[in-house]
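Chemist: I have a structure here, written as structure tokens, and I will follow up with some questions on it.
What follows draws every value from the coordinates through simple rules; no lab data is involved. What you see is a predicted model; the values in this text were computed from it and never measured. Here the Cβ is made from the backbone with ideal geometry for all residues, glycine too, and neighbour counts use every protein chain on show.
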Amino acid sequence: MVYDVVVIGAGQAGLVTAHALQKKGLNFLLLEAGERAVGSWPKYYDSLTLFSPARYSSLPELSFTGDLTRYPTRDEVVDYLERYAQHFAFPIHFNTRVTNIQRQDELFCLRTTHTDYFARAVVVASGPFHQPNIPNFKGLTDFKGQVLHSAAYRSPADVLGQRVAVVGAGNSALQIAYELSAMHEVILTSRQAPLFQKQRVLGQDIHFWLKWTGLDTGRWGKWLLGKETPVLDQGKYRQAVESGRIRYQRIFERLTADGLQWSDSSLPIDTLLLATGFSHLPNYINELIGDGSSDTPQQENGIGTTIQGLYFVGMPWQRSHASATLRGVGDDARYVVKHLQRYLKNPQTTHLLQGCC
């Protein structure tokens with residue numbers, strides 16, 4: 001069977017893409033490597049909560065239930081995503097991992113762990129949170145302690161009684177460092193000091209103002225807000241850093257066998273915990289796109305720039321500040337599916353339409 005579209009991934013990006021495709025009446029299928037339509041959410045650390053209230057964190061046409069001012073937990077998001085997939089009854093093949101994509105004339109052949117699938121267009125929606133980014137720190141191979149990416153961290157029990165250095169300055173880095181600081185000696189280290197943003201401004205959560213101004217999902221917000229995402233804080237994170245509960249220090253110059261080394265000092269640690277983000281390029285498209293010289297897909301606004309019929313949804317900063325979030329991914333999916341529908345009508349000339357949707 002040849003599908004109009006195969007969507008890779010049934011997490012938040014894949015689900016909203018399915019919603020947009022369903023609205024257009026296209027023949028599509030979602031391929032999901034796991035056994036649930038929940039993306040990477042169950043793999044995140046136990047204490048994770050959303051940085052935006054439930055009111056601003058819903059996917060299209062199905063809201064979170066309950067108190068909309070709360071900040072949903074990891075497990076609440078997992079339950080919500082499963083409810084979303086079931087509510088719209090999307091066609092999903094679970095436990096089907098895509099291993100390779102090839103182009104065969106006008107069709108894509110998607111090789112998986114079970115069988116091959118054929119489609120006229122492909123949407124990569126497996127998200128950027130599967131391949132941890134491990135910086136090539138000088139001396140990393142010399143370090144004898146534990147190196148743990150935030151993707152593998154679950155709770156303070158993982159580093160019980162250890163001296164921990166958290167690398168990063170974003171929301172996850174501060175959330176983890178704060179949690180650990182209750183019972184651990186913690187240092188936070190990064191190239192730039194954390195930039196704090198008040199969670200509430202003039203009595204409203206900051207996401208109220210981002211939505212009201214259009215900065216969150218508007219194209220101009222991508223440039224006005226910049227790509228340095230601040231840490232949303234009700235005061236406790238900044239206070240923890242300023243009081244020394246979380247010790248902040250500029251990024252180290254190298255790792256030694258037992259810790260961190262600066263030009264004028266050193267610090268012994270047991271665990272290096274990396275909140276350093278993820279690589280954005282899935283391995284399964286390496287052969288399709290070429291030499292693999294970049295870790296970022298060749299796309300503009302989610303539309304493949306070198307492979308016609310290849311699309312992306314859920315990439316950080318794809319079209320806006322909120323592109324890789326629950327609250328923003330739906331806008332990107334609608335944009336991509338609108339262009340995709342035109343491609344399916346005339347695959348030879350769709351490149352002339354890029355940017356006009």
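Chemist: ³J(HN,Hα) across region 31-39 via Karplus (A = 6.51, B = -1.76, C = 1.60, θ = phi - 60°), whole Hz, x for Gly/Pro?
Modeler: 10, 10, 5, x, 9, 9, 8, 9, x
Chemist: Further question on the same structure: Among all the lysines, which ones have a C-alpha under 18 Å from Lys236's C-alpha, if same-chain residues fewer than 8 places away are not counted?
Modeler: Lys236 reaches Lys198.
Chemist: List, in order, the whole-Hz ³J(HN,Hα) value for each residue of region 338-343 obtained from phi through the Karplus relation with A = 6.51, B = -1.76, C = 1.60 and θ = phi - 60°; use x for Gly and Pro.
Modeler: Result, rounded to whole Hz: 4, 5, 4, 4, 5, 4.
Chemist: So for the chain: antiparallel DSSP bridges make up what percent, rounded to the nearest 5? If you can, show how the numbers build up before the last one.
Modeler: Details: 23 of 57 bridges.
Percentage antiparallel, nearest 5: 40.
Chemist: I'd like to know which of Val78, Gly145, Phe51 lies farthest towards the positive end of the charge dipole of the chain, counting +1 on Cβ of Lys and Arg and -1 on Cβ of Asp and Glu.
Modeler: Of Val78, Gly145, Phe51, it is Phe51.
Chemist: Placing +1 at every Lys and Arg Cβ and -1 at every Asp and Glu Cβ, with all other atoms neutral, what dipole size does the chain have around its Cα centre, in debye to the nearest 20? Spell out each step's value before the answer.
Modeler: Working: 35 positive and 32 negative charges, 163 e Å.
Here the chain has a charge dipole of around 780 debye.
Chemist: Right, another one. Given an 8 Å cut-off on Cα distances and at least 6 residues of separation, report the relative contact order of the chain as a percent.
Modeler: Working: 706 pairs, mean separation 77.2, N = 357.
Averaging sequence separation for qualifying contacts and normalising by length gives 22 percent for the chain.
Chemist: Tell me, what is a quarter of the convex hull surface for the C-alpha atoms of region 1-132, in nm² with one decimal?
Modeler: Details: hull surface 34.1 nm².
Average projection, Cα convex hull of region 1-132: 8.5 nm².
Chemist: Starting from the Cα-Cα distance between Thr115 and Glu253, subtract it from 0.36 nm times their residue separation and give me the gain in nm to one decimal. Numbers along the way, then the final one.
Modeler: Working: separation 138, 0.36 × 138 = 49.68 nm, distance 4.79 nm.
Gain on extension, Thr115 to Glu253, equals 44.9 nm.
Chemist: Additional query: Considering the options Leu62, Phe118, Gly161, tell which one lies farthest towards the positive end of the dipole of the chain, charges being +1 on Lys and Arg and -1 on Asp and Glu at the Cβ, about the Cα centre.
Modeler: It is Leu62, whose Cα lies furthest towards the positive end.
Chemist: Here's something else I'd like to know. So what's the angle, to the nearest 10 degrees on a 0 to 90 scale, between helix 12-24 and the longest Cα principal axis of the chain?
Modeler: Roughly 20 degrees between the two axes.
Chemist: Please give the net charge around Tyr178, taking every other residue with its beta carbon less than 9 angstrom from that of Tyr178, where Lys and Arg add +1 and Asp and Glu add -1.
Modeler: Values: positive: Lys236, Arg245; negative: Glu179.
Charge balance near Tyr178 sits at +1.
Chemist: Turning to a different aspect of this structure: So how strong a dipole does region 1-93 carry about its Cα centre when Lys and Arg Cβ are +1 and Asp and Glu Cβ are -1, to the nearest 20 debye? Walk me through the intermediate numbers first.
Modeler: Values: 8 positive and 10 negative charges, 46 e Å.
Result for region 1-93 is approximately 220 debye, rounded to the nearest 20.
Chemist: List the residues whose amide H sits under 5 Å from the amide H of Leu188, counting only those 5 or more places along or on another chain, with H placed 1.01 Å from N in the peptide plane.
Modeler: Long-range HN contacts for Leu188: Val166, Arg247, Tyr248, Gln249.
Chemist: On a 0 to 90 degree scale, rounded to 10, what angle separates helix 74-88 from the longest Cα axis of the chain?
Modeler: 10 degrees
Chemist: Restricting to DSSP loop positions (anything but H, G, I, E, B) with no more than 14 other Cβ atoms inside 10 Å of their own Cβ, which chymotrypsin sites (Phe, Trp or Tyr not before Pro) remain in region 243-275?
Modeler: Numbers: sites: Tyr248, Phe252, Trp262; in loops: Phe252, Trp262.
Sites meeting the loop and neighbour criteria: Trp262.
Chemist: Could you let me know the centre-to-centre spacing of region 71-116 and region 138-216, using Cα atoms, in angstrom?
Modeler: Measuring centre to centre over Cα atoms gives 29 Å.
Chemist: For volume of the Cα convex hull per residue in Å³, pick the label among [x] 141; [y] 163; [z] 151 that corresponds to the value derived from the coordinates.
Modeler: Looking at volume of the Cα convex hull per residue in Å³ for this model, the match is [z].
Chemist: For region 1-50, state which chymotrypsin sites (Phe, Trp or Tyr not before Pro) are in a DSSP loop and have at most 15 other beta carbons lying within 10 Å of their beta carbon. If you can, show how the numbers build up before the last one.
Modeler: Numbers: sites: Tyr3, Phe28, Tyr44, Tyr45; in loops: Tyr44, Tyr45.
Filter output for region 1-50: empty list.
Chemist: Let me ask another. Need one word for region 227-331: rounded, prolate or oblate. Basis is the Cα gyration tensor (sqrt eigenvalues a ≥ b ≥ c); a/c below 1.5 gives rounded, then a/b vs b/c decides. Present the calculation step by step, with values, prior to reporting the outcome.
Modeler: Numbers: a/c = 3.75, a/b = 1.67, b/c = 2.25.
Judged from the Cα gyration tensor, region 227-331 comes out oblate (a/c at least 1.5, b/c at or above a/b).
Chemist: Need one word for region 111-162: rounded, prolate or oblate. Basis is the Cα gyration tensor (sqrt eigenvalues a ≥ b ≥ c); a/c below 1.5 gives rounded, then a/b vs b/c decides. Show your work: numbers first, answer last.
Modeler: Numbers: a/c = 3.32, a/b = 2.31, b/c = 1.44.
It comes out prolate by the Cα gyration axes.
Chemist: Applying the Karplus parametrisation 6.51 cos²θ - 1.76 cosθ + 1.60 with θ = phi - 60° to the phi angles of region 160-177, what ³J(HN,Hα) value in whole Hz is obtained for each residue in order, glycine and proline being reported as x?
Modeler: 4, x, 9, 8, 10, 10, 9, 9, x, 9, x, 4, 5, 4, 6, 4, 5, 4
Chemist: What is the packing order of peptides 66-77, 170-181, taking the mean over residues of other C-beta atoms within 10 Å and listing the highest first?
Modeler: Numbers: 66-77: 15.3, 170-181: 22.4.
So the order, starting with the most tightly packed, is 170-181, 66-77.
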